[in-house]
Amino acid sequence: MAARTISWQEYHGMVVELDDRLQALHPKGSIYLHGIPRGGQLVALLLSYLSDRYVLVGENLLCGPSTSQLVLVDDVLETGLTFQKYTSIPATFAVLIDKSKANNIAPADVSIEEMVDRIWVKFPYEKLEMEQEAISQNQRGYDGKES
């Protein structure tokens with residue numbers, strides 16, 4: 001099965017680039033980050049180490065400061081199902097990898113890499129057994145053939 005494997009070094013570089021883009025998009029004041037469980041939580045945490053402007057926020061997103069500076073972060077936009085849970089919240093949606101074109105869904109507001117092929121992305125923190133990985137890929141509609 002074709003897969004795109006991302007190393008820790010590449011992952012960190014993507015987070016640094018996302019930081020640059022978010023800082024440019026929100027040039028003043030605090031930037032409130034909510035890491036979408038689970039992959040987005042690591043992205044949010046790493047971003048928070050890059051700048052004191054980032055404030056991590058939990059599940060109660062609308063009880064904090066103005067949502068104009070709220071950024072929802074995730075590692076990958078794939079099926080759009082996770083994003084749909086947050087559409088009622090006025091926020092910027094930022095991801096490392098945007099696969100919206102491959103899946104014919106609305107794109108993220110900010111992304112580092114766009115993928116047009118339906119190939120599996122394996123992040124460096126994924127330590128799945130081959131059987132678990134195959135089940136997960138199958139559940140997301142990956143049949144092992146490149147499109």
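The values are calculated or read from the model by the stated rules, or taken from the named source; none is laboratory data. Everything quoted here is computed from the prediction, not taken from an experiment. Note: ideal-geometry Cβ built from the backbone for every residue, glycine included; neighbour counts use all protein chains shown.
Here are the numbers for this structure:
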read-out: Any pair with Cβ under 9 angstrom, 6 or more apart, that starts in the stretch 1-30 at a residue that is farther than 16 Å from ALA94 by Cβ and of a type in the set (Phe, Trp, Tyr) and ends at one that is surrounded by 11 or more Cβ atoms within 10 Å (Cβ to Cβ) and modelled with pLDDT under 95; value: TRP8/PRO124; TRP8/TYR125
read-out: Qualifying residue in the stretch 124-139 (condition: outside any strand (DSSP E or B), modelled with pLDDT under 90, farther than 22 Å from VAL15 by Cα and in contact with a strand residue (DSSP E or B) (Cβ under 6 Å, 6 or more places away or on another chain)); value: yes
read-out: Criterion: out of contact with any Pro (no Cβ under 7 Å at 6 or more places or on another chain) and at positive phi - qualifying residue of GLY29, GLY35; value: GLY29
read-out: From the options VAL121, VAL116, residue that is modelled with pLDDT of 85 or more, under 16 Å from ALA2 (Cα atoms) and surrounded by fewer than 17 Cβ atoms within 10 Å (Cβ to Cβ); value: VAL116
read-out: The stretch 40-57, residues that are surrounded by 20 or more Cβ atoms within 10 Å (Cβ to Cβ) and either of a type in the set (Asp, Glu) or in a helix (DSSP H, G or I) (or both); value: GLY40, VAL43, ALA44, LEU47
read-out: Residues within the stretch 67-119 that are under 14 Å from the mean Cα position of the chain (by Cα) and not in a loop (DSSP other than H, G, I, E, B), tallied; value: 24
read-out: Tally, over the stretch 21-39, of residues that are part of a helix (DSSP H, G or I) and polar (S, T, N, Q); value: 1
read-out: Members of the stretch 70-85 that are surrounded by fewer than 20 Cβ atoms within 10 Å (Cβ to Cβ) and either of a type in the set (S, T, N, Q) or modelled with pLDDT under 85 (or both); value: THR79, THR82, GLN84
